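Read the figures in this text as sums done on the coordinates, not as results from a lab. If you're wondering where the values come from, they're calculated on a predicted model, not measured in any experiment. FYI the Cβ positions are ideal-geometry reconstructions off the backbone, even for glycines, and counts take in every protein chain you see.
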Amino acid sequence: MKEVVLKNGLSMKPNAVVTKCLFPVAGLGTRFLPVTKEIAKEMLPLVDRPVISYGVEEAIESGCRDIIMITGRTKRSIEDYFDSSFELESILRDRGKMELYEKIHSISEMANILYVRQREPLGLGHAVLCGEPFCRDGYFGVILPDDVFVSDVAVLKQLIEVHRRLGGSVVALEEIPRSEVSRYGIVKSRIESDGVHRIIDMVEKPSPEEAPGNFAIMGRYILSPAIFPLLAEGRAGAGGEIQLTDAMKRLLETEPMWGLVYRGRRFDCGTQKGWLAANIQLALEDADLNPVILDIVNAFKER
Ligand code: UTP
């Protein structure tokens, strides 16, 4: 395993395992208004469970034992969801609904989850910085739960494997059409090996003319704790928020960073259209729900 020597003389061994994962979920979710006025978009259902549950399951599957959620106003329901529900559980037990009881009880046993409040939504970079007290001792994962992945191997785990092999930070990449680059962080990179890119530069939401390529960063990262001092400098980037991309660009000056073209399918649940499409797609892939959706569509066509 490569030891990373930083410009300031410090050296940092990559973790053999990444055990901590940050979930920044304190954003306002304006693209979902008015729903998000009082409801956490992460708690909207994706077929049979909240959107955020998919991200938590991915983190656990990837070997993360500690999950740190950076939350804000309107996000309390996330805490309640992952907490034990004593009253409900005892009612289910008393009524002999043991299968349902097990299902509900297992949710609170999923992981060790900590909650930190981001008092003001000062951007994704600031939200990550709020996790510093828990993540400053080693490389850590970041999951943006709006991006839901369905894959054979958990996407965060795919990133952890690259980190183990090559050291340094790792981001999930997807090749997107030029016309969509202004919605994402876009990297300039050179191909290192199958699916792995060495990141050279990155730019947040460029115009198609300015974009250095068409590989976009999706919501999964393995980050070095050296990101925290860079975030703390709090340089306000685009939109007056503390941008994660700006700090990552500076991290590139001192540490290697890799991009992995992930293997799997992504569903963007950060917008109403994307969330609705994900529900329909995943319901169509469910044996029980498939005929329900097809019946509705066929009845609609015959109207
Ligand atoms: P987005 O850019 O998608 O913003 O944040 P958002 O607030 O969730 O949604 P829109 O754009 O207003 O509809 C990317 C991720 O960063 C988190 C969000 O919760 C999301 O997971 N975030 C963003 C924070 O935790 N804090 C912030 O101040 C901003």
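Here are a few things to note about the model shown:
- Listed peptides 83-93, 187-197, 290-300 appear in the order 187-197, 83-93, 290-300 once ranked by packing, highest mean of other Cβ atoms within 10 Å at the front.
- Added length on full extension, which subtracts the Cα-Cα distance from 0.36 nm per residue, I60 to R198: 47.0 nm
- Ranked packing of 243-254, 276-287, most packed first, by mean Cβ within 10 Å: 243-254, 276-287
- Distant-in-sequence amide H partners of E192 (H built 1.01 Å from N, under 5 Å): H197, R198
- Across the chain, the relative contact order, built from alpha-carbon pairs under 8 Å that are at least six residues apart, equals 22 percent.
- The phi torsions of the stretch 168-175, fed into the Karplus equation with coefficients 6.51, -1.76 and 1.60 and a -60° offset, translate into couplings of x, 7, 9, 10, 7, 10, 9, 7 Hz, rounded to whole numbers, with Gly and Pro shown as x.
- Put the Cα centre of the stretch 11-81 next to the Cα centre of the stretch 169-243 and the gap is 21 Å.
- Phi angles of the stretch 20-29 translate, via the Karplus equation with coefficients 6.51, -1.76, 1.60 and θ = phi - 60°, into HN-Hα couplings of 10, 9, 8, 10, x, 10, 9, x, 7, x Hz per residue; Gly and Pro are given as x.
- Where a label projected 7 Å from the Cα of I107 along Cα→Cβ would reach, residues of the stretch 47-89 with amide N under 15 Å: 47-57, 76-89
- Between D80 and E233, the modelled label-to-label distance comes to 4.3 nm, taking each label 7 Å out from Cα in the direction of the beta carbon.
- Under a 5 Å amide H cut-off, with hydrogens placed 1.01 Å from N, L114 pairs with I67, I68, M69 among residues at least 5 apart or on other chains.
- Relative to the compact-globule estimate of 2.2 N^0.38 Å, the Cα radius of gyration of the stretch 41-149 comes out at 1.17.
- In this structure, the amide hydrogen of Y139, modeled 1.01 Å from its nitrogen in the peptide plane, lies closer than 5 angstrom to those of N15, counting only residues at least 5 positions away or on a different chain.
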